[in-house]
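S.K.: The structure under discussion is supplied below as structure tokens; questions concerning it will follow.
The values are calculated or read from the model by the stated rules, or taken from the named source; none is laboratory data. Quick caveat, the model's predicted, so the values are computed rather than measured. Neighbour counts run over all protein chains shown; Cβ positions are idealised from the backbone, glycine included. Ligands, DNA and RNA are stripped out before the accessible areas are found, and what is left, the full protein with its side chains, is counted by its heavy atoms. Shrake-Rupley method; radii C 1.70, N 1.55, O 1.52, S 1.80 Å.
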Amino acid sequence: MLLVLSEEHKEHLAFLPKVDTAVAAEFGRIAVEFLKKGTSPKIYEGAARKLNFPVETVQHGVEGLMFLLTESAKLMISEVDFQDSVLVLGFSEELNQVLLQLYLQHCSQIRSILSLLPPHPPAYCNLEWRLDVLLASRSLRQQVVPMVTMKLLLSTGGGNHSVRVVQTDPATLQHLITTLEAALASMKTNHARRILRNIK
Amino acid sequence: MELSESVQKGLQSLCDPSVFDQSGFSVLVDVSFRSLLSAHADPGVLDQPELKHIDRIVLKQSHAAAATFILEAVKQHADKSTISSCLEDVTCSAERTEIFYDAYQKHKGEVEGLLASIGKRLPHINDASWRLEYNMKNGHVHKVNEPFYQISLSAEKDGSSEDINFSCTMEQLQDLVGKMKDAAKSLEKATQM
């Protein structure tokens, strides 16, 4: 699948061949750093001054690179497709190779950064359990009620965690185990295998 | 078993043949159990023909005393000798003691269940439901192609139910089930001790 670049995007990237390939490679490295850690406008100003270009041009160039990388990583386009998409920009072969290497090296990292963006339901982190026996309460003495107390640790995206403490009785625990084992078994059915194999 | 003065007084009137005749006594004992178990604070529970001739205030005091006595007895798992000695203290005849004890035996289990359900507790898990889904793509990343589970545990607390929802991969679900199985195994070992 080819990446279709908008006219505006092509204009922004047109800044790259105007500098040395080494400098363009440096901008590539900066673009990846920005994707990982966030942008820092001071870098644009410093580079603009050194290279004698307006700040806006430098900024657009780096942002154009960032967008090129994120779009390519999002669609996980192949090496060939990436090269063909970039051909349209009319860059030198050396610059094309630099961009290709940049993409190939950082594709999976960028994908994992992007996967933090969509909404996440709370995800399972851990389960701790303990066994208790209820012996008496304010309303009834001399009881013997076994129960299992469980602490469920869930992560709710953005590094936050929520803790749920719940109880259950031995019979329900057995029922939960059976139900969830059936869930695990459903992944091994022919139907599931067929879908997992064929949708790639 | 310690009983307060007002409870003892109420029981004394109940056991007094000049206040409650034999049928009145049986009916009030019955009504006392019923008002705890099924009547749900229905004020009409005392409108029995056998109780009509009894002074209203005495009737209410005896009813309250009997209900308190029943709850204390069940709470403490009182045996026949404890109940008999309490009723002897308020000069209850052996016959009436027998009638009371029979009713106590009959309804004890139900009242116990009632008392056991009173109290604050952690949310109690009743059931789990699951879905197996295949994550294909989202607005930010295409070609994700990963299966995952959506689990929903239904918990109940004080009559209101709540769902705990979360997602997990197959490995995480295996971890969860493994830990639950450890808990179940320790339970089994504990029962064999």
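S.K.: From the protein chains alone at 1.4 Å, what is the descending order of accessible area for B:Ser32, A:Ser78, largest first?
M.R.: A:Ser78, B:Ser32
S.K.: Then there's this: If a paramagnetic tag sat 7 Å from the Cα of A:Leu117 along the Cα-Cβ line, which residues of segment A:30-62 would have the backbone N under 19 Å from that point?
M.R.: A:30-40, A:60-62
S.K.: Over the protein assembly as shown, what is the percentage of antiparallel beta bridges among all DSSP beta bridges, to the nearest 5?
M.R.: 95 percent
S.K.: For segment A:118-123, what does the Karplus curve 6.51 cos²θ - 1.76 cosθ + 1.60, with θ = phi - 60°, yield as ³J(HN,Hα) per residue in whole Hz, taken in order and with x for Gly and Pro?
M.R.: Values, residue by residue: x, x, 10, x, x, 10 Hz.
S.K.: Give the cross-link partners of A:Lys37 among the lysines, using a straight C-alpha distance below 29 Å as the criterion and excluding same-chain residues fewer than 8 apart.
M.R.: Excluding near neighbours in sequence, the set is A:Lys10, A:Lys18, A:Lys50, A:Lys74, B:Lys137, B:Lys143.
S.K.: Additional query: Mind putting a number on the dipole of segment A:37-194 about its Cα centre? Charges go on the C-beta only, +1 for Lys and Arg and -1 for Asp and Glu, and I need it in Debye to the nearest 20.
M.R.: With Lys and Arg at +1 and Asp and Glu at -1, about 940 debye.
S.K.: Label-point separation (nm) for B:Glu156 and B:Ser93, each offset 7 Å from Cα along Cα-to-Cβ?
M.R.: Placing both labels 7 Å beyond Cα along the Cβ direction yields 4.6 nm.
S.K.: Continuing with this model, one more query. Report the FRET efficiency, 1/(1 + (r/R0)^6), for B:Ser38 and B:Met193, where r is their Cβ-Cβ distance and R0 is 35 Å, rounded to 0.05.
M.R.: Taking R0 as 35 Å, the efficiency between B:Ser38 and B:Met193 is 0.30.
S.K.: Within chain B, which whole H helices from DSSP have a Cα span along their axis of at least 20 Å and a mean Kyte-Doolittle hydropathy of 0.0 or more, if any?
M.R.: The qualifying helices are B:22-37, B:56-75.
S.K.: Counting only the heavy atoms of the protein chains, how much of B:Asp16 is accessible to a 1.4 Å probe, in Å² to the nearest 10?
M.R.: Here the accessible area works out near 60 Å².
S.K.: On to the next question. Do me a favour and compute the ellipsoid semi-axes for the protein assembly as shown from its Cα gyration tensor, root of five times each eigenvalue, largest one first, whole Å.
M.R.: 79, 22, 17
S.K.: Using only the heavy atoms of the protein chains and a 1.4 Å probe, how would B:Lys189, B:Lys75, A:Lys37 rank by accessible area, largest first?
M.R.: Greatest to least solvent exposure: A:Lys37, B:Lys189, B:Lys75.
S.K.: Using a/c under 1.5 as the rounded threshold, could you call segment B:100-186 rounded, prolate or oblate? The axes a ≥ b ≥ c are square roots of the C-alpha gyration tensor eigenvalues, and prolate needs a/b larger than b/c, oblate otherwise.
M.R.: Note, shape of segment B:100-186 comes out prolate.
S.K.: As a test of understanding, state the convex hull volume per residue of chain A from its alpha carbons, in Å³.
M.R.: Per-residue hull volume (Cα only) is 181 Å³.
S.K.: Can you figure out the FRET efficiency of B:Asn126 with B:Asp182, using R₀ = 25 Å and their beta-carbon distance, to the nearest 0.05?
M.R.: 0.70
S.K.: Using a 1.4 Å probe on the protein heavy atoms only, what accessible surface does B:Lys179 show? Give it in Å² to the nearest 10.
M.R.: Around 50 Å² of this residue is reachable by solvent.
S.K.: Determine the calculated [θ] at 222 nm for the protein assembly as shown from helices alone, applying -39500 (n - 2.57) to every DSSP H run no shorter than 4 residues and normalising by the residue count; nearest 500 deg cm²/dmol.
M.R.: Estimated from H runs of four or more residues: -18000 deg cm²/dmol.
S.K.: Follow-up. Please give the length that would be gained between A:Ala192 and A:Leu2 if that part of the chain were fully extended, namely 0.36 nm times their separation in residues minus their C-alpha to C-alpha distance (nm, one decimal).
M.R.: 65.3 nm
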